[in-house]
Amino acid sequence: MKNLRVLVAWCCMLLPLLAGCDLTGDLKDVEMVRALSVDIIDNVDILDSADKVEAQENSSMISAAVHLLHRDRALEGQYAESYYQLTAEGDSLAAALGQLYDVGAKQLNFSHTSLLVLGEQAAPTEFWLDYALRSPQLRPTVYPVVCVGQIEALLAADEQTLSPIYLLNNLSEPMGSSYPGVFGVSLQDFVEDFYQTGIAPALPLVEKTADGVAAAGLAVYAGDKIALLTDDDAVLAWQLLVRTPYLYGMVLALDDGVAVRLQGGQIFIRLQPVDRAEDLRPVCELELQADILNNPAGLDTQQVRALLNERLQQILAVGMAKSRRLQADFLGIGREIWRKQPHIWPQIAEQDYLSGITVDLQTEIELNAD
Amino acid sequence: MALHKPPKTYLLNNLEKNISLLQNYVGDYGDMVIRRIEREGCPPAAVIYFDGMTDKDAVSEFIIKPLLRCAADNLRQQPEDIAAGCLLVADWQSADNVQDFMDSLFSGNCGLLFDGTAAGLFFDLKGFERRGIAEPQTEIVVRGSREGFIENLKTNMSLLRRRIKTPNLCFENMKLGTETNTNICLAYIRGLADPDVIAEARRRLQAIEIDSILESGYIEQLVEDEPWSPFPTIANSEKPDKVAAKLLEGRVAVLVDGTPFVLTAPMLFMESFQSAEDYYARPFMASMVRFLRFISFIFAVYGPALYIAVCSFHIELLPTNLMLNIWQSAGETPLSAGWSVFFYSLVYEVVREAGIRLPRPVGAAISIVGGLVIGDMAVSAGLISAPVVIIVAFTAIAMFVVDALTDAATVLRFGFILLAWWLGFGGLLLGTLLLLLHLVNLKSFGVAYMAPFAPLIPYQLRDSLVRFPWWLLGRRPQNLTVGSFWRQKAEQPPVGSNNWGADKE
């Protein structure tokens, strides 16, 4: 009897573990969503009304599309013919997706969704972030990307060509599954930056090209605004300072036709203790490992290192200039100040602190001539 | 309720009446041979045995011939004196009642009755056909003794005695089964085995009241601690070296006439993962193989259930490429993961049962048909997906890696399949907790089943999931042994390891 009571007590204690067990669907019954795309479509009828601007804001509908794998072609997922698409519209992303569930032949399963493609108009967080964070199905490892223009154009492809979904996946994870590259900003990373002090979060910007899709820059979230950053060097500065652990494989072109492939790197932003905001002088200590990829001029290692250093200084300068101009600290300098000089931060938090700060770069480059 | 035992009928002084008593006792037995011996001036005698069970040549040579040739005066002595002085048989005993006398004859002994004596002699001249000592089919080893127990109790006892040449090796004989009168032997090493365990084993054996003991499995189920547990709490083996090793660790063994399977107790959970060969091979390989056995057992219990839980509840746990493979295969079948695994596991069990019971050539054919044809055709026909076949087939193989726990693994596998089907990982967790609770509560003859893990006995972990070198296994299991704990000099490195070559240089 005592054993029975112990058993019942154990079972009662284990009952909370069953939470969520109703959200099930057998593998054979589910449809695999590989990408979710969100865009804004304007209601043309209302646009013609008198108060055009306000009507446009109020009448915008959210279009959500899920890009599903054909079951019998799932393993050849690099081609466009492996995917099909279901689209629905609604007042919100949740409403649109609710309609998608209705039109979907079987259960939509987002557990292996890897991409969240945001149209240029849908990129502001008000349209998608709340749903992405609350959805029990979207994983925090999903990669949000912002596309230039309309999503429809970006994802359109002939059946026999490489799928844009596949290409976007490759862009996010060039080293293979679960190894994000410099452009692989996961939802988790984005949200951490979004709620972090002193940094403007950024998402990769992608565009349609003749070969499919390619990275076009950055979508920087500065408060309620989004700035599309297409300057190559500014993007490189973001990659070097914010995405340093993911530099592997990135190729940098230098003067004299020299090119190096980065193997890895570390960044440490050093801040000497100061009492006044004007005395702040962050020093970025960048350690890089790189292979010389192309050296037509036959420069020695020392010369290539000097070229690379010069290029890195230039990149940082452009990045900082862009950051100042946009007044969006996408390089995260403010975050370092907030972390390392917390008594200074309240003095500058509400100001355009980037204008008054000079950032130095110290590099330590390990070059492999082979 | 005790089984009814008829009152004993004692032998009389009259030979003819005694023969009548015996005939009445056994009824119409066509195979009972009664050879009367009558000599001038000597009391008549009768040699009695069952045809086919007693060595006739030995009866003629060692009993009848001496009786006919010895001096008449000798035959007028008491039967015990005649057996000692005239007959040429080493092993004999006397009985004063019909039941004991006939029981010995049923065992293949040869009986001898004299007129004027209210007692009978019986001689161990068994001559029935018996299987020779051969390699056990269930415990084949690459390295180690090829001898296996046979169906003859005396032979089995000798196999143990040949390995443990110590006066402390004790055999206690008893008979069980009111109809079968099966000879049972309780074996242990005095001074190593726990007296409490010996007494408990003796008590449990003597408490058995049943009409027949046809195999040691009867005894196992009648004396085990937890009859409702899927886990065995009494081990069995066909290998004399294995049983000898267990006796040397302080366990007791029960040998049963008529079966090559010898029971040993107390049993520990870890014992199921040990093989005789582990102790003959080098420790690294032995440890690795033992660890593999453990992993195989875990897979045999959890494999199909994990598949169901992942496919029905936790798809996100699979790497995408693997998921796509399974997803694609699953989409072509009408059954869900739960039904597929349950159905194919049942098919496998049917095929296995058929393969075991049928004659060997047919059984092999059934296995091939079951394993290859049904599996392949079921996949081709779209009834089940290929991953299910792989999972169930590999589970079946893994299940046989730990032979002693095959039955438990089969039962648990289906239990976990149902739990995973119902609750996913929650079910698996629930089942695992209940299983662990059950395991740590199990005892075998008073010894904790999960030792040396629960209770933790650090020294004995050296011979658990891994096996340390012999020279580091100096102590006998302290939860099994009393008295002499040390089986060798304490942690003495191998003799050859002390720079022997360096001294020469």
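The values are calculated or read from the model by the stated rules, or taken from the named source; none is laboratory data. As the structure is a computational prediction, the values presented were derived from the model and not from experiment. Methodologically, a virtual Cβ is constructed for each residue, glycine included, from the backbone with ideal geometry; neighbour enumeration extends over all protein chains shown. Each accessible area value is taken on the protein alone, full model and side chains, heavy atoms only, with ligands, DNA and RNA left out. Shrake-Rupley method; radii C 1.70, N 1.55, O 1.52, S 1.80 Å.
Quick notes
- Helix A:125-134 axis, angle to chain A major axis (alpha carbon atoms, nearest 10°): 60
- Convex hull volume per residue, computed on the Cα atoms of region B:55-155, equals 116 Å³.
- C-alpha long axis of helix A:2-14 to longest principal axis of chain A, angle in °: 60
- Proximal aspartates and glutamates to B:K443, defined as alpha-carbon separation beneath 12 angstrom and excluding residues fewer than eight positions away on the same chain: B:E224, B:D225, B:E226
- Those aspartates and glutamates that a straight Cα-Cα span of less than 19 Å connects to B:K239, excepting residues fewer than 8 apart in one chain: B:E135, B:E139, B:E147, B:E151, B:E215, B:E220, B:E249, B:D257, B:E271, B:E277, B:D278, B:D403
- Atom-type composition of the exposed protein surface of the protein assembly as shown places 55 percent of the accessible area on carbon and sulfur (1.4 angstrom probe).
- A compact globular protein would have a Cα radius of gyration near 2.2 N^0.38 Å; the ratio found for region B:283-444 is 1.10.
- For the peptides B:460-471, B:257-268, the ranking by packing is B:257-268, B:460-471, with the highest mean count of neighbouring Cβ atoms within 10 Å listed first.
- Heavy atoms of the protein chains alone define the surface here; on that basis the protein assembly as shown has 48 Å² accessible area per residue at 1.4 Å probe size.
- Restricting region B:366-447 to chymotrypsin sites (Phe, Trp or Tyr not before Pro) in coil, as DSSP defines it, with at most 14 other Cβ within 10 Å: B:F400
- Stretch gain in nm, segment A:T161-A:E285, where the contour uses 0.36 nm per residue and the Cα spacing is subtracted: 40.3 nm
- Net charge of neighbours whose Cβ lies under 13 Å from the Cβ of B:V141, counting Lys and Arg as +1 and Asp and Glu as -1: -4
- Length gained on full extension, A:E366 to A:Y248: 41.1 nm, using 0.36 nm per residue less the C-alpha separation.
- Scaled radius of gyration (Cα, divided by 2.2 N^0.38 Å) that the protein assembly as shown gives: 1.46
- FRET efficiency for the pair B:D407 and B:D211, taken as 1/(1 + (r/R0)^6) with r the Cβ-Cβ distance and R0 = 41 Å, rounds to 0.95.
- The mean count of C-beta atoms from other chains within 10 Å of the C-beta of residues in B:306-318, rounded to a whole number, is 4.
- Accessible area buried by the pairing of A and B, both sides summed with a 1.4 Å probe, works out to roughly 2500 Å².
- Simple label model, 7 Å out from Cα along Cβ direction - B:F284 to A:T197, nm: 5.7
- Taking chain A as the region of interest, the number of lysine pairs whose Cα atoms are within less than 27 Å, with members eight or more places apart or on different chains, is 6.
- Between B:Y459 and B:L439, the distance separating the two model label sites (each 7 Å from Cα on the Cα→Cβ line) works out to 2.5 nm.
- Cα-based helix-to-principal-axis angle, A:93-103 vs chain A, degrees rounded to 10: 40
- DSSP-loop GluC sites (Glu not before Pro) across region A:229-335, with at most 14 other Cβ within 10 angstrom: none
- Distant alpha-carbon pairs in region A:29-230 (separation over 31 angstrom), percent: 15
- Projected label distance in nm at B:W471 and B:K8, using a 7 Å step from Cα toward the beta-carbon: 5.9
- Charge tally in the Cβ shell below 14 Å around B:V447, where Lys, Arg are +1 and Asp, Glu are -1, B:V447 excluded: -4
- Helices meeting the span-like rule in chain B (full DSSP H runs, Cα extent of at least 18 Å along the helix axis, mean Kyte-Doolittle score of 1.0 or higher): B:283-312, B:386-399, B:406-423, B:425-441.
- Semi-axes of the equivalent ellipsoid of region A:231-370 are 31, 14, 12 Å, computed as sqrt(5λ) over the eigenvalues of the C-alpha gyration tensor in descending order.
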